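Worksheet for the structure shown next.
The values are calculated or read from the model by the stated rules, or taken from the named source; none is laboratory data. All of these numbers come straight from a predicted model, not from anything done at the bench. Positions of Cβ are backbone-derived with ideal geometry, glycine not excepted, and every protein chain shown enters the neighbour counts. Accessible surface areas use protein heavy atoms only, side chains included; no ligands, DNA or RNA. Shrake-Rupley method; radii C 1.70, N 1.55, O 1.52, S 1.80 Å.
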Amino acid sequence: MSIAARLTELGIELPAVAAPVAAYVPAVVHGDLVYTSGQLPFTDGALPAIGKVGTQVTAEDAKAYARTCALNALAAAADAAGGVDRIGGVLRVGGFVASAAAFTGQPGVINGASEVLGEIFGDAGKHARAAVGVAELPLGAPVEVEVTFILA
């Protein structure tokens, strides 16, 4: 099944590629890989929330935002690669969580990204990963995700 068909089956519509907030491009193709820049959870051009996870943002909401970040990354990768069906799988996910001082649930938050990529790509969605707590993220975002995709 093509990735486009799988997205339709899951009821997922990829968003428009988010405009960069600084001096970079959303994704770059190199060899058989597509590297995405860190993606914030933009929805219709706006962040759904700002603040630290564990105080202003719940872990459950942050997990949903990580899912949005992953879909934004897939949209950026597909745009750079010439279409979503050119994306063959996932190599690595890097997740960053703006964390309150005592918050230690970063892996659970970044599961939002990992799980949706697994739903879309099946076995080809299995990937290496980092889930890191940070003091701040751009624009006050609670989560940021970067993905390295494999071309089909």
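Under the rule of at least 5 residues apart or a separate chain, name every residue whose amide H is placed under 5 Å from the amide H of ALA131.
GLY95
Determine the share of the chain's accessible area contributed by carbon and sulfur atoms, expressed in whole percent, with a 1.4 angstrom probe. Show your work: numbers first, answer last.
Working: 3910 of 7060 Å².
Accessible surface attributable to carbon and sulfur in the chain totals 55 percent.
Show me, for region 69-80, the HN-Hα J-couplings you get by feeding each phi into the Karplus relation (A = 6.51, B = -1.76, C = 1.60, θ = phi - 60°), rounded to Hz, glycine and proline as x.
4, 5, 5, 5, 5, 4, 4, 5, 5, 4, 4, 5
For a quick protection proxy, order the peptides 4-11, 90-97 by their average other-Cβ count within 10 Å, most packed first. Intermediate results must be reported in sequence, preceding the final value.
Values: 4-11: 12.5, 90-97: 22.9.
Result, highest mean first: 90-97, 4-11.
If you take every residue apart from ALA130 with its C-beta less than 13 Å away from the C-beta of ALA130, what net charge results, scoring Lys and Arg +1 and Asp and Glu -1? Working shown, then result.
Numbers: positive: ARG92, ARG129; negative: GLU144, GLU146.
Overall, the nearby charge balance is 0.
Mind listing the long-range amide H neighbours of VAL53? Cut-off is under 5 Å, sequence gap 5 or more, other chains count too, H placed in the peptide plane at 1.01 Å from N.
ALA98, SER99, ALA100
Just check region 1-145 against the gyration tensor rule for me: Cα atoms, a ≥ b ≥ c as the square roots of the eigenvalues, rounded for a/c under 1.5, and otherwise prolate or oblate depending on whether a/b exceeds b/c.
Here region 1-145 falls in the prolate category.
Would you mind getting the accessible area per residue of region 1-100, heavy atoms of the protein chains only, 1.4 Å probe, in Å²?
Accessible surface, normalised per residue, equals 48 Å².
If you count, for each residue, the other Cβ atoms within 10 Å and average over each peptide, how do 83-89, 65-71, 52-58, 26-32 line up from highest to lowest? Don't skip to the answer; put the middle values down first.
Working: 83-89: 17.3, 65-71: 26.4, 52-58: 19.3, 26-32: 14.0.
Sorting 83-89, 65-71, 52-58, 26-32 by mean packing, highest first, produces 65-71, 52-58, 83-89, 26-32.
What does DSSP give for the chain in terms of the percent of beta bridges that are antiparallel, rounded to the nearest 5? If you can, show how the numbers build up before the last one.
Values: 18 of 27 bridges.
Roughly 65 percent of the DSSP beta bridges within the chain come out antiparallel.
Quick one: Karplus J couplings for region 21-27, per residue in order, coefficients 6.51, -1.76, 1.60, θ = phi - 60°, nearest Hz, x for Gly and Pro?
Result, rounded to whole Hz: 9, 7, 8, 7, 10, x, 7.
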